[in-house]
1. When only residues in the stretch 19-42 that are among the small types (Gly, Ala, Ser) and within 11 Å of ligand 1 (Cβ to nearest atom) count, which is surrounded by the fewest Cβ atoms within 10 Å (Cβ to Cβ)?
2. Among (1) within 19 Å of the chain's Cα centre (by Cα); (2) within 26 Å of residue 192 (Cβ to Cβ), there is one condition residue 42 misses while meeting the rest; what is its number?
3. Any residue that is in contact (Cβ under 8 Å) with a residue 60 or more places away in the chain, within 17 Å of the chain's Cα centre (by Cα) and in a helix (DSSP H, G or I) - is there at least one of those in the stretch 110-125?
4. Taking into account only those residues within the stretch 56-85 that are open to solvent by 70 Å² or more (accessible area, probe 1.4 Å) and assigned to a loop (DSSP other than H, G, I, E, B), which is nearest to ligand 1 (Cβ to nearest atom)?
5. If you check residue 47 against the conditions, is it away from ligand 2 (no atom under 16 Å from the Cβ), of a type in the set (S, T, N, Q) and over 19 Å from the mean Cα position of the chain (by Cα)?
6. Could you please give the count of residues in the stretch 149-172 that are open to solvent by 10 Å² or more (accessible area, probe 1.4 Å) and within 16 Å of ligand 2 (Cβ to nearest atom)?
7. Just the residues that are away from ligand 2 (no atom under 13 Å from the Cβ) and assigned to a helix (DSSP H, G or I), please, taken from the stretch 173-201.
8. Yes or no: residue 59 without any contact (Cβ under 8 Å) to a residue 40 or more places away in the chain and over 14 Å from residue 196 (Cβ atoms)?
Amino acid sequence: DPVLSARALSKVYGKGSGAVAALDRVDVDIARARFTAIMGPSGSGKSTLMHCLAGLDAVTSGTVHLDGDEISSMSQRRLTKLRRKRVGFIFQSFNLVPTLTAAENITLPLDIARTKVDKARFEQVINAVGLADRLSHRPAELSGGQVQRVACARALVGAPAVVFADEPTGNLDSHSTEQVLSILRRSVDELGQSVVMVTHEPDAAAWADTVIFLRDGHVAAELPAPSTDRVL
Ligand code: ADP
Ligand code: ADP
């Protein structure tokens, strides 16, 4: 069964004559333990879809199920709790806490949620992102690529149902871009993580298993990504 499923999902910003339908009755399923990319032109609804699937934004109508739970009707309070336990985020700016070590940054969301760190998962994630020898360094002592890997590890360590990555390679050079994408790819292949990435870069989407194309608030197409373009 899909890890995420949206039915007749609509999102309207504003009211009356100024209203904008960012999403118009979208049906979409996100496969479990797969890497899904969401693509589309600027303004097509990518961010809005991601925010509705992640429980960051209230929907106007329709339903969203995350791992069997209907999140589209949950209160803000319940959503906040759910996000802390079951959703991981990687943003374009990686916003690490400069005074904390890499290890402390990675476990910070779990500490905030007062969730115990699963040691085996921590080790697994650290090995998958390649940070074993940098855990006691602070962000200023890490390379750009290492900072990104800390941000990826932080999203993965709680074994969330889904990791959402919002234009994770937006500001990166090609070397760092490849590092982030290969970490996301490995988290799917080695840890069975479900990953959803919003991107407007075809080269980035090529690392995914499936690409969902949005246009004007609709799903225009859903296609397997060309796996031959991947550099593993
Ligand atoms: P994308 O991520 O593909 O660029 P968005 O989801 O950001 O698309 O936006 C989809 C549409 O919704 C656009 O027309 C955009 O102008 C509009 N929109 C997005 N966020 C808001 C907002 N907070 N208030 C009003 N309109 C918005
Ligand atoms: P990576 O491929 O891991 O991003 P780089 O090629 O950027 O690594 O850097 C190689 C090494 O140089 C890193 O392991 C790191 O220790 C060090 N380094 C690079 N950039 C910085 C920086 N801005 N601050 C501190 N150390 C850095």
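1. Ranking the qualifying residues of the stretch 19-42, first place goes to 42.
2. (2)
3. Yes, the stretch 110-125 has at least one match.
4. 60
5. no
6. Qualifying residue count, the stretch 149-172: 3.
7. Those that are away from ligand 2 (no atom under 13 Å from the Cβ) and assigned to a helix (DSSP H, G or I): 181, 184, 185, 186, 187, 188, 189, 190, 191.
8. No.
The values are calculated or read from the model by the stated rules, or taken from the named source; none is laboratory data. Owing to the predicted nature of the structure, the values given are computational and were not obtained by experimental measurement. Ideal geometry is used to build each Cβ from the backbone, glycine not excepted, and the neighbour counts take in all protein chains shown. We work out accessible area using only protein heavy atoms, side chains counted, and drop any ligands, DNA or RNA first. Shrake-Rupley method; radii C 1.70, N 1.55, O 1.52, S 1.80 Å.
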